[in-house]
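Working notes, beginning with the structure itself.
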Amino acid sequence: MNTFLLLAFASIYLILSLYYYNRPNVLMLWLSYLPTLLHEFGHALICQLTGGKVSDMVIVTRRSERLATGRNGYAVSHTISGWNQFATFIAGYLFPPLFLILGVFCLSRAWQIGFWILLGFVFLYYFVKTSRKIFPFIVIILITGGFYLYYRYPDVVSMWMVGDWFIYIVLGVLLADTILSSYTMTIIYFQGNTSWDGAILSRLTRLPVLVYYFLFMIVQLGSCWYVVKVIVLG
C-alpha cells in the first residue's frame, strides 16, 4: 500500500476544499462527485431495503444548479413507515466512511478487484435509479472494460498502475472528505441547523440531536482511525 499517494491525494483534495469552501464551482462539484454519490446511495439503497421506494437520484455537477438547490445531490425517496424513514436518513452519513474502510481494506490485502466490484455496484445502482444516465453509463463501461483487460492481459503492469492510481485518488478523496465532513457537521450542529440528517432524525425519534452528532462523528473519525491503523501497522 502506497501511503504517500493516499495522503498526497487526500491533502490536495482537502486544500482545494478549504480554499473553495462555501464557494461552489464545477471543479469541486466533480471532485466531490463520489462522496456525494455514496451519501445519496446510502439513503436510496437502505430506503429500498427497508420497504420504501426511490424514484430518482441526482448528483449535481453544474454550479447554477448547486446555487439554486443548495445541495450537491439528492435522492427522491418515498418512505412508508417510521422505521423506513429512520433507516433512510441515518444511512447517508454512514456509507462514505464505510466505503473508505472497505476500500482501504481491499487495497491493504492487494484485492483491488474487490474495490472495483464495490464501485461497479454503486454506479450500476445509480444508473438504474437516476434520470441522468450518461455519466454513470460511461463509468460502468470503463469498469467493465477494465475487468476484461485485466483478465485478458493479466501481466500488463501499466494497467495495474493506472487502476491503482485511480483507487488511491478515490480513497484519498474519501479520506479528506470524511475529515471535512466531520468539520462541516460540527459547524452545522453548533449553528443549530434544523435541515441536516441529524436534526431530522432527532425529530423522528425525539432523541437529542447530540446523539446523532456523536454517532456520525464516531463512525467518521473511526474510519479515519482505521486508515491510520492500516498505514502504521499494515
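The values are calculated or read from the model by the stated rules, or taken from the named source; none is laboratory data. As the structure is a computational prediction, the values presented were derived from the model and not from experiment. Glycine also receives a Cβ, built like all others from the backbone with ideal geometry; neighbour counts cover every protein chain displayed.
Structure summary
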{"quantity": "Qualifying residue in region 199-209 (condition: basic (K, R), modelled with pLDDT of 90 or more and either in contact with a Ser or Thr (Cβ under 6 Å, 6 or more places away or on another chain) or in a helix (DSSP H, G or I) (or both))", "calculated": "yes"}
{"quantity": "Scan of region 11-53 for residues that are among the aromatic types (F, W, Y), over 15 Å from G73 (Cβ atoms) and touching a residue at least 24 places away in the same chain (Cβ under 8 Å), ordered by number", "calculated": "Y13"}
{"quantity": "Residue that is surrounded by the fewest Cβ atoms within 10 Å (Cβ to Cβ) [pool: residues in region 209-234 that are more than 11 Å from V104 (Cα to Cα) and among the hydroxyl-bearing types (S, T, Y)]", "calculated": "Y213"}
{"quantity": "R66 surrounded by fewer than 21 Cβ atoms within 10 Å (Cβ to Cβ), in contact with a Pro (Cβ under 6 Å, 6 or more places away or on another chain), of a type in the set (D, E, K, R) and under 23 Å from N193 (Cα atoms)", "calculated": "yes"}
{"quantity": "Residue list for region 40-82, filter: assigned to a helix (DSSP H, G or I) and hydroxyl-bearing (S, T, Y)", "calculated": "S64, T69"}
